[in-house]
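Visitor: Here it is, the structure, as structure tokens.
The values are calculated or read from the model by the stated rules, or taken from the named source; none is laboratory data. Predicted model, so just to flag it, every value in this text is computed and none were measured. Heads up, the Cβs are rebuilt from the backbone with ideal geometry, glycines too, and the neighbour counts pull from every protein chain shown. Keep in mind that these areas ignore ligands, DNA and RNA; they rest on the heavy atoms of the full protein, side chains included. Shrake-Rupley method; radii C 1.70, N 1.55, O 1.52, S 1.80 Å.
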Amino acid sequence: MLKTIGKFAVAALAASVPVLAGAADPSPTTQKIIDRGTLLCTGHNGSFFGFVEVNDRNEWKGLDIDMCRGLATAILGDPDKAQIVPLSWAQRFPALQSGDVDLIIKATTWTMGRDTELGLQFSIPYFLGAAQFMAHADLGVTEAAELDGGTICVEAGTTIERIAGDFLSSNNIEHTMVSYEKGAELRAAYLAKRCDAFAGWGPNLAVIRATEVDDSEAHVILSDQLSTDPISAAMRQGDEEFVDLVNYLIAALIKAEELGITSENVDEIAANPPSTTVARLLGADPGIGERLGLRDSWAREVIAEIGNFGQMYDRNLGKDSPYKLDRGLNALWKDGGVLYTPIID
Amino acid sequence: MAVVSASDTSTEMVKAPSRMSRFIRMLQRRAFATPADTAISVMVFGLLLYILWLAVDWALVRAVWSAQAVDQCKVDGAGACWSVIDARHRLILFGLYPFEEHWRSTAACISIIATVVLSCVPAFWSARRLIPLWIVGFAAYYLLMEGSLIGLPQVTTDQWGGLSLTLFLFSSVVLLGMPMGLGLALMRRSKMPVVRLTATLIIDFVRSLPLLTTLFTAAVILPILLPEWLQGDKIWRVILAFALFFACYQAEVFRGGFQAIPKGQWEAGKALGLSQWTVLFDIVLPQVFRHALPATINMVVLTFKETAIVIIIGFFEMLASAGAAFGTGEWAPYYLEVYAFVGLIYWVFIFSLGQYGEYLKNRMKVDRR
């Protein structure tokens, strides 16, 4: 009993410290990262197209890697302070719990089970994966409604099978569904034109289109998004300030795109901010840093190093990458996507 | 197949035939003796040659070799696209090791190979030579790879990878596992029930667990259980667990060798007044090694191939590096070439191991002398 009271007293004291100090101290995880001098972030034991890859100079690259480098810049001021720990899919959650990594940024979907039973804490999503259709371009289709009367191939027993069936039926699109046991069989059947279209996870479809077919122009990924799969950073429970930090990192990247701030023009705009929002974001007006226990210039440094969200996307998955994946849902709210940010006031 | 007539062989007796003519005669007898034999042989050889030609045509004749010429790989009728190896071989050989420091990984790799090759040479087969050799070889590997102890930039073990990591894992596991296996086998033969039961328990316990589970526990679960100072680096935990796994199987191989030695030899040794250790080391063990050799080579070869399993605990060994080598948009279509390259590397090492095993078997033959 005494012990509990003691704990409460300590907690109350700890809670009152930021209020008294006026500015937040770095959170425990952030403090650990600062003391260590490196951010331990998840890589992959191999490659996950577009998200985690290795370039010709044996260095990591990809959307997830850029997020890690952004976080390292925000906390430590240097993207190269992100140390990427290669982990398999199965290993990522135990590795987070044992402290081998500070957080998981590894194409990880935010699910209720992980949030509750695994004791994780998820950031706001930085990517939405969606089930989509890919079709032969010579059919001339651009959206799923035009697949009426067509044959759709799917991988048997996956959630995609159910999602695609539900979507087509509820939109009254006549179709014949053909399921295949294995992904490779499915792709072979599609390429042999045994089906008009096939359903799969959007980023995977883009990879198949970019790599496994002779002519990527001959295939279109239809604009309809059948589902969403929110991809978030996962952290240990119990360090809300660190979650805040990661959330506002993602928010700053999206906000920068919304405001037209890129890695090229960030210094120019910071020197002469057109609005108070921009001034606040780039640290010309104080506030964005001290409330997270960071420097006020952190967002500016991050944008200068890795660019805004649109630049990261284009470089790794979008038009400047081999995959040419459309922004789709991952566009800003004002461009028809679902990306939005909290107000940075 | 036709029966050889007596007159045929009698003329051959007069002068010894050259190897070539003997081969031709053998072919005649075995493959072309009757019209039906000839037809089948022609078909089979023809098919084999055709397949061989397809492979050569793809791999060599129509192949594209340089990374700059990658556009030619997309041309219709292009063969193997070795450009991917040209561009990505450093990733396959060295994993995530920093690009500027690759000479260190190369040197470390050579040091390990030299150590293994030298330990295979009979002239080195004494504890006074082998132990210093191993210490020097492994120390050289570690100092070069890690770097901070000899004033080079530090490279932590999670950045080690590729072929040099595969070789290091393999040789450490075998070197640690072999004596451990012998120890367990001896314990299992002990007359003291506690020692014997302990060994039996360890062997049966570890053998009942899949290798994957053992390694996953060592890499991921142990750090949660152990205090910080006992954890050590992930790579050492994994090597120790792998070596234990190897030792438990190898102990059973040795046990088979022990069981082939008649009890009379021990008794004869004792009757001559030799100590138990002398009998063991000078009489029994050399014979045990001989009996256990084929199965041991088998274990060693299996272990070499099984090192690829560490991919699941996040080590960038050769196969993981190969996956990363074609795991990027521009190189993704050429996974076949990458696998062929990695397969060739595995083949070179495993074939050499097998040939060395054959050599050892011949050398150890008693009736040779």
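Visitor: In a shell of Cβ-Cβ distance under 12 Å around A:Asp224, excluding A:Asp224 itself, what net charge do Lys and Arg (+1) and Asp and Glu (-1) give?
Guide: -3
Visitor: Tell me, what is a quarter of the convex hull surface for the C-alpha atoms of the range A:131-227, in nm² with one decimal?
Guide: Mean orientational projected area (the range A:131-227, Cα hull): 5.2 nm².
Visitor: Calculate, axis by axis, the spread of Cα positions in the range B:68-200 along the three principal axes, and write the results as whole Å, longest axis first.
Guide: Computed over the range B:68-200, the largest-to-smallest principal extents equal 72, 42, 32 Å.
Visitor: So which residue, out of A:Val101, A:Val246, A:Val302, gets the largest mean-square fluctuation from a GNM of chain A using Cα contacts under 10 Å as springs?
Guide: Fluctuation is largest for A:Val101.
Visitor: 5 Å is the cut-off here: which amide hydrogens, built 1.01 Å from N in the peptide plane, fall below it relative to A:Asp285, excluding neighbours closer than 5 in sequence?
Guide: A:Arg280
Visitor: Let me make sure I get this right: for chain A, a, b and c are the square roots of the gyration tensor eigenvalues over alpha carbons, sorted descending. Under 1.5 in a/c it's rounded, otherwise prolate if a/b > b/c, else oblate. Which is it?
Guide: It is prolate, given that a/c is not under 1.5 and a/b is the larger ratio.
Visitor: In addition: Count neighbours as other Cβ atoms within 10 Å of each site's Cβ, and list the GluC sites (Glu not before Pro) in the range A:213-270 that are DSSP loop with at most 14 such neighbours.
Guide: Listed in order of number, the matching sites are A:Glu264.
Visitor: Which net charge results for the neighbourhood of B:Pro98, defined as the other residues with beta-carbon distances under 14 angstrom from its beta-carbon, given Lys and Arg at +1 and Asp and Glu at -1?
Guide: -4
Visitor: Under a no-solvent Debye model with one identical scatterer per Cα of the range A:192-343, what's log10 I(q)/I(0) at q = 0.14 Å⁻¹?
Guide: -0.79
Visitor: Within chain B, which whole H helices from DSSP have a Cα span along their axis of at least 15 Å and a mean Kyte-Doolittle hydropathy of 1.0 or more, if any?
Guide: Correct list, ordered by number: B:35-56, B:102-120, B:127-146, B:162-188, B:193-207.
Visitor: Go through the range A:120-211 and name the trypsin sites (Lys or Arg not before Pro) that are in a DSSP coil and have 11 or fewer other Cβ atoms within 10 Å of their Cβ.
Guide: Answer by residue number: A:Lys182, A:Lys193.
Visitor: First select every other residue whose beta carbon is under 13 angstrom from the beta carbon of B:Ala80; then total the charges, Lys and Arg +1, Asp and Glu -1.
Guide: -2
Visitor: Specify whether the C-alpha gyration tensor of chain B places it in the rounded, prolate or oblate class, a ≥ b ≥ c being the square roots of the eigenvalues: rounded for a/c under 1.5, otherwise prolate if a/b is larger than b/c and oblate if not.
Guide: oblate
Visitor: OK, next. Per residue of A:47-58, count partner chain C-beta atoms within 10 Å of its C-beta, then hand back the mean as an integer.
Guide: 6
Visitor: To check you understand DSSP bridge types, tell me what percent of the beta bridges within the protein assembly as shown (both residues inside) are antiparallel, rounded to 5.
Guide: 55
Visitor: Mean projection of the alpha-carbon convex hull of the range B:143-198 over all orientations, in nm²?
Guide: Answer in nm², one decimal: 5.6.
Visitor: Only Cα pairs under 8 Å and at least 6 apart count here; give the relative contact order of the range A:131-227 as a rounded whole percent.
Guide: Here the relative contact order equals 49 percent.
Visitor: If you take each beta carbon of peptide A:83-94 and count the beta carbons of other chains within 10 angstrom, what is the mean?
Guide: 5
Visitor: Could you work out which residue, out of B:Ile40, B:Ile224, B:Ile283, moves most in a Gaussian network model of chain B, that is, has the largest mean-square fluctuation with Cα springs under 10 Å?
Guide: Of the options given, B:Ile40 has the highest mean-square fluctuation.
Visitor: Please compute the Kirkwood hydrodynamic radius over the protein assembly as shown, one decimal place, Å, based on all pairs of different Cα atoms.
Guide: Mean inverse Cα-Cα distance, inverted, gives 30.4 Å.
Visitor: Follow-up. Over chain B, what is the relative contact order in whole percent, taking alpha-carbon pairs under 8 Å and six or more residues apart?
Guide: Rounded, it is 17 percent for chain B.
Visitor: Right, another one. Can you list, by residue number, the Cys in the protein assembly as shown that have no neighbouring cysteine C-beta under 4.7 Å?
Guide: Unpaired cysteines in the protein assembly as shown: B:Cys109, B:Cys120, B:Cys248.
Visitor: Filter the cross-link list B:Lys263/B:Lys361; A:Lys61/B:Lys74; B:Lys191/B:Lys361 down to pairs whose alpha-carbon distance in this structure exceeds 27 Å.
Guide: As for pairs spanning more than 27 Å Cα to Cα, those are B:Lys191/B:Lys361.
Visitor: Tell me which DSSP H helices of chain A clear both cut-offs, 20 Å or more of axial length from alpha-carbon atoms and a mean Kyte-Doolittle hydropathy of at least 0.0.
Guide: Taking the DSSP H segments of chain A (at least 20 Å long, mean hydropathy at least 0.0), we get A:2-21, A:240-258.
Visitor: What average count of beta carbons from other chains do you get within 10 Å of the Cβ of residues in B:312-319?
Guide: 5
Visitor: What is chain A's relative contact order, in percent, from Cα pairs under 8 angstrom and six or more apart in sequence?
Guide: 20
Visitor: Going by Cα centres, the range A:73-133 and the range B:139-180 are how many Å apart?
Guide: 29
Visitor: Counting DSSP beta bridges in the range A:131-227, what percent are antiparallel, to the nearest 5?
Guide: About 50 percent, rounded to the nearest 5.
Visitor: Once ligands and nucleic acids are excluded and a 1.4 Å probe is used, how much of B:Val61 is accessible, expressed in Å² to the nearest 10?
Guide: B:Val61 has an accessible surface of roughly 90 Å² with all protein chains in place.
Visitor: Can you list which of the trypsin sites (Lys or Arg not before Pro) found in the range B:151-225 are DSSP loop residues with at most 11 other C-beta atoms within 10 Å?
Guide: Those satisfying the criteria are B:Lys191.
Visitor: Next question. Using modelled backbone amide H atoms (1.01 Å from N, in-plane), which distant-in-sequence or interchain residues come within less than 5 Å of A:Ser223's amide H?
Guide: A:Ala144
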